[in-house]
Amino acid sequence: MTKTNKNPLWLVLASAMALGLAGCSGDDGKDGQDGAPGTPGNPGEDGKPGTSGLHIDMAEEALAQISGASYADGIITVDFDLANRQGVGLFGLSGENPDHDFRFSLAQLELVESSELKQWMSLLNEATNDAGTTFEQGFEKLKDCPECLVDHGDGTYTYTFVTDLSSYEDAAGVVFDPDLTQRIAIEMQFEYASGHELAENAHYDWIPSTDAQEGIETRDLVAMETCYTCHQPDSLKAHGGRRLDMENCQSCHNGLVTDPNGVSVELGHMIHAIHMGPNRKGMENGEEVAMPYTVQGYHGPHAFDYPAFPTKPFMDCAVCHVADDTLVDADLWMANANGNACTGCHTDSPVQHGAFQVPDGMSCVDCHGSVDHTVAKAPYTAAKGYSVEVSNVAINAQNLLTFDVKVLDDQGNTVTEDEIYQQGYSNPYMVVSWDVEKDYPAQEIASDDGTTTVGTTYDHRRFSLKGDQSTVYADGVFSVVTQKVKGSKTYVLDLPADIASRSLEILPVLKVCFEPHSAVRTACTTEGAYPAYVQTDAYRAVLGDADAEVANRRAIVDDGKCFGCHSMEFYHDSNGVNCISCHTNDKQLKSDSASGGLKSTSFMYKAHKAEGHDNGHGGSGTLLKTDCMTCHSATEGWGGLNYGFELGRNAGQAHALPAKIGDPAAETWYASSDTAACMSCHQKYLSDAAMAHIEGNGGYFGAVKDDAKAAQEACATCHSPEKVMAHHGHEL
């Protein structure tokens, strides 16, 4: 968390309480007798004043802030406070206590002349290889100088640095300059034998020669809260849990430090490289090869070669570099001033250069200083203004739904057929559904004679504007009939008899082609044409009542949170977060390469188990999505907030799951709604006792689909949203 120079919270609270008491008076009370003199406080054994507050070893948590610093004759002295969340001061920090791992670091912000580049450079550096050519930031550790600390007995402390910066010779050659912005950083990590842990960071930026904190140079590009858009806070507690704050990461992962092999671990380079994952490539012996970011750690080399960045377009820098008025340097990244950040993505031998090698001494920005990375998402930005118009919706004599479709740009002009993308799996689809408020139609096949199937499965409800003989195109209009030919089979949509009184949805899922890095539309056959999904509202209506208010699905997922992490596009067939229109609760099972068995393909299952959404079970261990509010919505209801993961709101549904995890021949069984919500993550971990508890409270998991629908679950009686969050280690 960001620390600022301010009075300790417990002093503020004490002052407020004193003011509150002073303001209390009666109208007719009499003055009481003078109180007797108080007894003197008990001094410590060394004659110093006694302590107040709470001993730090008794604290559930510790919050730190640096309240001030001074510099004189080469020595820095720093004042800091420790308190719990209630503002009670924590005394008792000691370098002689083996549990108290408490450290101080220094870094200075150096400016490159005639450049916008500003870079943190660490002090107190230590060599990390035998040749003394690679370095990491060093620390002053409290245990090395217990007498350097003064405990004032009330949660406030003073530490005097051992290092005399006026004569200190840094191993990396960095020279302390009191006229530059300096950062003092604190990191603490106490690990007790009981398993309890206290961990906290704090920082203080100032110019020692003037004691200025305001109006000084900074390098604030990204806020930690932006990282939390995708990451859980716990997943970013680095180095065993001792590194927590962005500012501490910056001072340690600075422009000087590398691994022992000379690979940069500067924050900008490292973050870009890690998030490239398997997409990071370079040239080797004239051939394009994968070059995942690989660093030498304490336990050997580690390659970040797994999927690591979920955005589309991939180069949407604004996912992390968001517009933020509180960040002084939020726009600095657009200056392309740091060539080290460039090679984080492009490697030292970028594939764009082919066999050409960048001469020594040259930086990327020598040639590419005017590159604008924001243009990568230009097609998506343009497509956001496009729309799909559905009209003339009717039911013909063969009981088939028919409708017309026009694709329009942001000016209302018609997009032509050759500008709409179709390749491989990606088709311009129209997906027909009903019973939206009941989680969409059940997946059924009414008949199958081998060549013709009639039903409501996904294959029966999805119609391509190009390629499956369900559509005729003329003068910018696609005329669709809900019967299609695919290979040797004909698929007929089986509409319910009372479709005219039900909620009807027609969802467009299609891409329009643009010139690369441009908002200019082009034919999809043009070389380099870039397809971007059109994000448009689905057509919804009740055909038998033009004035009816069409019911919506209950609020479950906060779309904004999904887009915040994934940017403009999701995995496939992307028109917003409408995945359940295809991935219904009872959609058929598919083989699972991970387990060798079968798995559900419902939206709930896929969202919970997707890579990065896996709650840490068998995944990367970085994106720990156990906090339901990472994705789920909270909307105002009649009695307060209604939470998207609240149980008991979806009775009457049957969710398809394999009867046994890991068995490729497993039967399809069905779970009632609340049961399925738990099993979507926990099925392989559920004990017999846990399943008995579920079934004893009305849940169902078995072979009969109708029994799953008829289940009377009582889960919500005990498992409130607050308790569901608590079960997963979070607070609502």
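Annotations for the structure displayed:
- The sole residue among 90, 165 that is part of a strand (DSSP E or B) and of a type in the set (A, V, I, L, M) is 90.
- Tallying residues that are hydroxyl-bearing (Ser, Thr, Tyr) and in a loop (DSSP other than H, G, I, E, B) within region 95-119 yields 2.
- Residue 578 fulfils the conditions (1) buried (at least 20 other Cβ atoms within 10 Å of the Cβ); (2) in contact with a Pro (Cβ under 9 Å, 6 or more places away or on another chain) except for a single criterion, (2).
- From the list 255, 286, 241, 262, the lone residue that is open to solvent by 30 Å² or more (accessible area, probe 1.4 Å) and closer than 27 Å to residue 102 by Cβ is 255.
- Set 228, 168: member being over 27 Å from the mean Cα position of the chain (by Cα) and among the hydroxyl-bearing types (Ser, Thr, Tyr): 168
- Region 673-707, subset within 15 Å of residue 600 (Cα to Cα) and not in a helix (DSSP H, G or I), residue least open to solvent (accessible area, probe 1.4 Å): 702
- Selection of region 198-222 for residues being over 19 Å from residue 75 (Cβ atoms), of a type in the set (Asp, Glu) and surrounded by fewer than 21 Cβ atoms within 10 Å (Cβ to Cβ) yields 214, 217, 220.
- Output for region 300-350, where each listed residue is open to solvent by 50 Å² or more (accessible area, probe 1.4 Å) and among the β-branched types (Val, Ile, Thr): 326, 328
- Of residues in region 718-732 being touching a residue at least 60 places away in the same chain (Cβ under 8 Å), assigned to a helix (DSSP H, G or I) and out of contact with any strand residue (DSSP E or B) (no Cβ under 8 Å at 6 or more places or on another chain), the one surrounded by the fewest Cβ atoms within 10 Å (Cβ to Cβ): 725
- Failed criterion for residue 469 (all others in (1) over 19 Å from residue 572 (Cβ atoms); (2) buried (at least 16 other Cβ atoms within 10 Å of the Cβ); (3) at pLDDT below 95; (4) not charged (D, E, K, R) hold): (2)
- Residue that is modelled with pLDDT of 95 or more, of a type outside the set (S, T, N, Q) and under 17 Å from residue 99 (Cα atoms), where the choices are 180, 149: 149
- Condition broken by residue 658, with the remaining ones in (1) open to solvent by less than 40 Å² (accessible area, probe 1.4 Å); (2) under 23 Å from residue 727 (Cα atoms); (3) out of contact with any helix residue (DSSP H, G or I) (no Cβ under 7 Å at 6 or more places or on another chain) satisfied: (2)
Residue-by-condition table, conditions (1) touching a residue at least 60 places away in the same chain (Cβ under 8 Å); (2) of a type in the set (S, T, N, Q); (3) within 28 Å of residue 571 (Cα to Cα); (4) open to solvent by less than 40 Å² (accessible area, probe 1.4 Å):
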site: 452; (1), (2), (3), (4): no, yes, no, no
site: 459; (1), (2), (3), (4): no, no, yes, no
site: 485; (1), (2), (3), (4): no, no, yes, no
site: 488; (1), (2), (3), (4): no, yes, no, no
site: 494; (1), (2), (3), (4): no, no, no, no
site: 511; (1), (2), (3), (4): yes, no, yes, yes
site: 514; (1), (2), (3), (4): yes, no, yes, yes
site: 522; (1), (2), (3), (4): yes, yes, yes, yes
site: 527; (1), (2), (3), (4): no, no, yes, no
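- Scanning region 582-609 for residues that are open to solvent by 60 Å² or more (accessible area, probe 1.4 Å) and more than 13 Å from residue 680 (Cβ to Cβ) yields a count of 5.
- Residues considered: 493, 507. Of these, the only one that is within 13 Å of residue 429 (Cα to Cα) and in contact with a helix residue (DSSP H, G or I) (Cβ under 6 Å, 6 or more places away or on another chain) is 507.
- Residue 543 vs. criteria at pLDDT 95 or above and under 27 Å from the mean Cα position of the chain (by Cα): no
The values are calculated or read from the model by the stated rules, or taken from the named source; none is laboratory data. Values in this document were obtained by computation on a predicted structure and should not be read as measured data. Note that each Cβ is placed from the backbone with ideal geometry, even for glycine, and that neighbours are counted across all protein chains shown. Just so you know, the surface numbers come from the protein's heavy atoms only, side chains and all, with ligands and any DNA or RNA stripped out. Shrake-Rupley method; radii C 1.70, N 1.55, O 1.52, S 1.80 Å.
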